[in-house]
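Okay, structure first, notes after.
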Amino acid sequence: MATPSLLFWRELRLSRMILRRMLQIVPLLFVISVISFALVKLSPGDPVKMFVTPNMHPEDVERIRRSLGLNLPIYEQYFRWLGQIVHGNLGYSLQNSQPVLGQILQRLPATIGLMGTALAATLIIAIPLGLVAAKYENTWIDRLLNMISYISISIPVFWFGILLIEFFSVKLNWLPSLGMQTIGENSFVDLAQHAILPVTTLTFQGCGAYYRYVRSNTLSEIRKSYVEFGHAKGLSIWKLLWSHILKNVMLPVITLLGMSLPTLISGAYITESVFSWPGLGLLSVDAIFSLDYPIIMAMTLFSGLMLILGNLFADMTYQFVDPRIRK
Amino acid sequence: MTHSKILEIEDLTVSFHTRVGDIQAVRGVDLELYKGETLAIVGESGSGKSVTAKAIMRLLSKKQSSIKQGSILFDGIDLSHASEGQMMNIRGKDIAMIFQDPMTSLNPTLTIERQIIETLRMHQKLTKHEAQKKAVELLEMVGIPQPEIRNKQYPHQFSGGMRQRVVIAIAIACNPKILIADEPTTALDVTIQAKILELLKDLQKKMDTSIIFITHDLGVVANMANRVAVMYAGKIVEIGTVDEIFYNPKHPYTWGLICSMPTLDLKDKELYTIPGSPPDLIHPPKGDAFAPRNPYALSIDTLEQPPMFRISDTHYAATWLLDPKAPKVSPPDEILRRQQIFERLEAGEVVQ
Amino acid sequence: MHDVRYELLNPATLGSKQVTYTERRETVLYRLFHDRRAVTAGSVLVLLTIICLLAFLSPYDPNQLSIMDKLHAPSWAHWFGTDDHGRDYFTRILYGGQVSLAVGLLSMLIAVSLGTIVGTVSGYLGGVIDGLFMRFLDVFMSLPSFFILMILNAYLKPSVQNMIIIIGLLSWMDVARIVRSQTMSIKEQEFMLYARSIGVRMWRTIFKHLIPGVMPSIVVAASLNVANAILTESALSFLGLGVQPPASSWGSMLNNAQGYLGTASYLAIFPGVLILIVILSFNVIGDALRDALEPTE
């Protein structure tokens, strides 16, 4: 049994697996695009009306209709629309006539900054706490952390945001409650001050789920016999947690991470609304209120795509990191 | 045996705490282990044999169990009262243990090499490179072909028997004085079982380690052990040399175990099974715990626990049948047959 | 001298002295009712539901505007104070609670029924149909569901009914998965093969054996489902895309309370605390149920 060939087969199987997963995505992408297209078509209101003035001739109205391609059969309209999308033309916002893609790209940094910081903080806080709670199962520290985690997964995120604003902005007047920066100021400190409350909100909300996941996985790992054998080798529980259990616990956490990735891009609709954080979440909510369907469509497409890619990412990483892949 | 004692267990009592009450898993075990010998502990599941082993290693969870009384003397230290720090120095270095299921004893996500050198570097001052070299030697020693390549692989790339060899390699890495093997072959195929047992015997000869061999399978014991302790309901009911236990057993429970051993010449005889089930150890019976399942039970068995009666210097059994006042009972045919062999053995005959 | 104690026991008397196992039969319900968390959470929910249903006993009209009584702090006359239109906040909380709980429970019912149907059909038929159903499920899993919810609520006329239906239709997937795998494993069991061989009506056997087998996991999923539905409803209503005035739910009351931070904080405190308590209770019950079904020790 020579290893090179072994490795070769493993690689081959991996790439076949990746290919299969990629193919599975195609119908999902199709459905997402159909739904996005349907959202445009089903939106209340006739798009032609935007171009119509009261004293226009019916023929002119018809001409506009034709020039917009609205006289074509629905599937042809879909493919024309799809062609536009593929070329990066996502249309123009109805509110300010700006290109949709430009608006999205302009807002992207704010969202990635907010969500990325929150996700990093969540991982840094929740994973060690999960391990510690499992190590001290059924002691006061475990019970306390469990209680907080229950609150974290149950609290309505907007209410938690409101409470933070009420306390830190309104009562104590320590931190700003709205927006990303004070007008006219462009310093990092100012940005950080604006970010503290929304990041705290998102982190608190995220920690509960990750903590519970890590804790329950650690508990089931701790009961496995390789841990007992590790003890019998003379390893301490901390050493075992760090060099054996953590890696095995992190594998399933990757799945959870994959599910969090889409929100990194599509933003947090509610948190961004509460704190008026100018990211993609707020853009989406605003678009919904003003029925700005080109933006709605683009964001549906965008977040659907991200969700699919996030799952794919989780799957792939899992396959690469877990040595049991060959099974 | 003229060897010196290496481990001395006295009156070991272990309980597990449950919601319904304390399970008295080990109820006053006295046991000695000599240098270089193999002592088998035999019993049904729940007899306390594994708990005894884990108590020696202090691997029992402090939350769920406690050593109520007794001492475990090793190298001048009472392990039952040793600190966790002391134990971490002893575990894997002086006393090593291997477990039943080789499929789960190894961490699936770390290479074999990492899992071996971890122990080496923990207990011996070795550089990474030295430890890696030692790991290859160890794998070679336990009979794994191509150790340099296998070393870098993950557990799932090994078969069950090969994994148990890796586990053994880890256990013997630091030349332990005592090796505790908790049902090391139960999860393996019969043919592989034999090879693993052979390996253990071989290694013992090379390293002069004492082995505590825990099993529910009396058949495995015969060509493995020097002495055998039979456990029932948390107590040792009979202990003796391998010949004494196999050919001159005195306890009705041992009789039952021997009669229920499958033999090759078993034609249309039905395999004997001991009737009933082990007693509730939350409320252990007042007298002999085996009495309810014992066809030879005496009235006194329900009243008082039998003491250890001495049969020879090496052979003891806890049954009232050995009391001079007890009636003479006739053991099962199979036991009578074996006792005849034993008499011939005693007389110095070579028995086939 | 002969000692009676050393007589052999008669096997017949032995039988009576046999140690009997005092193993207590622990059913799921037994474990659940001995779980302090579950009992507390359950009682809280039952109590809250009853109080909300008794809202009609309140002397105040939840929609009666009264400018004179605007923004009174909590007092004996108005336990939770009054809102910005002078309406009794306690009464409104009770009516709002009815809406929140109804949305949670009814959309859960939709999700569970849909999930159970899809799961059984897919798991039982297998093959092409199963493949199709699973792809269908994948599609639903890859929908940005909260976003879709917001859009649908904006496109359609926001109403409690619409919300119940939409939330239900977007949250059946977990149940479907659980039921599907359970159905497949039951299908493979021996009694099913036997039933098939003697020509017993398949669907009847499936349901006879499936329901008790899968019920517990459905109940767990359902309980977490209610928690999620209530959270979703409150979030939508908070954004103004859910329950519309003059009707109210706890979420829409929070939306309104946002304007009075610092001046009348109690407007935000009461509905928030109630949402938290209700969702917390459902989550706790879900967990307790899971523990009762799969005891670790």
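The values are calculated or read from the model by the stated rules, or taken from the named source; none is laboratory data. This one's a predicted model, so the numbers in the text were calculated from it and none came from an experiment. When we count neighbours, we look across all protein chains shown, and the Cβ atoms used for this are built from the backbone with ideal geometry, even at glycine. Accessible surface areas use protein heavy atoms only, side chains included; no ligands, DNA or RNA. Shrake-Rupley method; radii C 1.70, N 1.55, O 1.52, S 1.80 Å.
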Residues that are more than 20 Å from C:R180 (Cβ to Cβ) and more than 10 Å from chain A (Cβ to nearest Cβ), drawn from region C:218-227: C:V226
Top-ranked residue of region B:151-164 - restricted to ones that are more than 10 Å from chain A (Cβ to nearest Cβ) and crowded, with 22+ Cβ neighbours inside 10 Å, ranked as farthest from B:L197 (Cα to Cα): B:R163
Test for A:P262: is it of a type outside the set (K, R), under 27 Å from A:Y210 (Cα atoms) and either within 7 Å of chain C (Cβ to nearest Cβ) or within 12 Å of the chain's Cα centre (by Cα) (or both): yes
The lone exception for B:D11 - which of (1) touching a helix residue (DSSP H, G or I) at 6+ places or on another chain (Cβ under 8 Å); (2) over 22 Å from A:S225 (Cβ atoms); (3) of a type in the set (D, E, K, R) it fails: (1)
Count - residues of region A:210-250 that are within 7 Å of chain B (Cβ to nearest Cβ), over 17 Å from B:T104 (Cα atoms) and surrounded by fewer than 18 Cβ atoms within 10 Å (Cβ to Cβ): 1
Close pairs from region C:275-290: first within 8 Å of chain A (Cβ to nearest Cβ), partner charged (D, E, K, R), Cβ under 6 Å, at least 6 apart: C:V284/C:R37
Residue check, B:T104 under 26 Å from the mean Cα position of the chain (by Cα), within 14 Å of chain A (Cβ to nearest Cβ) and either crowded, with 18+ Cβ neighbours inside 10 Å or under 23 Å from A:K239 (Cα atoms) (or both): yes
Test result for C:A111, closer than 25 Å to C:L45 by Cβ and open to solvent by less than 30 Å² (accessible area, probe 1.4 Å): yes
Qualifying positions in region B:290-343 - in contact with a Gly (Cβ under 9 Å, 6 or more places away or on another chain) and more than 14 Å from chain C (Cβ to nearest Cβ): B:I311, B:S312, B:T314, B:H315, B:Y316, B:A317, B:P332
Test: residue in region C:223-235 that is under 30 Å from A:G310 (Cβ atoms), open to solvent by 50 Å² or more (accessible area, probe 1.4 Å), among the charged types (D, E, K, R) and modelled with pLDDT of 80 or more: no
Strands (runs of 3 or more DSSP E) fully within region B:172-268 counting 1 or more residues that are hydroxyl-bearing (S, T, Y): B:210-215, B:227-232, B:235-241
Inter-residue pairs, beta-carbon under 8 Å, first outside any loop (DSSP other than H, G, I, E, B) and in region A:162-188, second modelled with pLDDT of 80 or more and hydroxyl-bearing (S, T, Y), 6+ apart: A:L164/A:T200; A:L164/A:T201
B:T38 open to solvent by less than 40 Å² (accessible area, probe 1.4 Å), among the polar types (S, T, N, Q), more than 14 Å from chain A (Cβ to nearest Cβ) and out of contact with any helix residue (DSSP H, G or I) (no Cβ under 7 Å at 6 or more places or on another chain): no
Helices (runs of 4 or more DSSP H) completely within region A:196-308 that count 1 or more residues being within 30 Å of A:N89 (Cα to Cα): A:246-266, A:269-274, A:280-289
Unique match (being among the hydroxyl-bearing types (S, T, Y), at pLDDT 85 or above and over 22 Å from the mean Cα position of the chain (by Cα)) among A:S243, A:S284, A:S177, A:S273: A:S243
Residue match in region C:149-156 (condition: more than 13 Å from chain A (Cβ to nearest Cβ), open to solvent by 20 Å² or more (accessible area, probe 1.4 Å) and either in contact (Cβ under 8 Å) with a residue 12 or more places away in the chain or part of a helix (DSSP H, G or I) (or both)): no
Region A:290-310, residues that are facing chain C (nearest Cβ under 7 Å) and either open to solvent by 30 Å² or more (accessible area, probe 1.4 Å) or touching a His at 6+ places or on another chain (Cβ under 6 Å) (or both): A:L291, A:L307
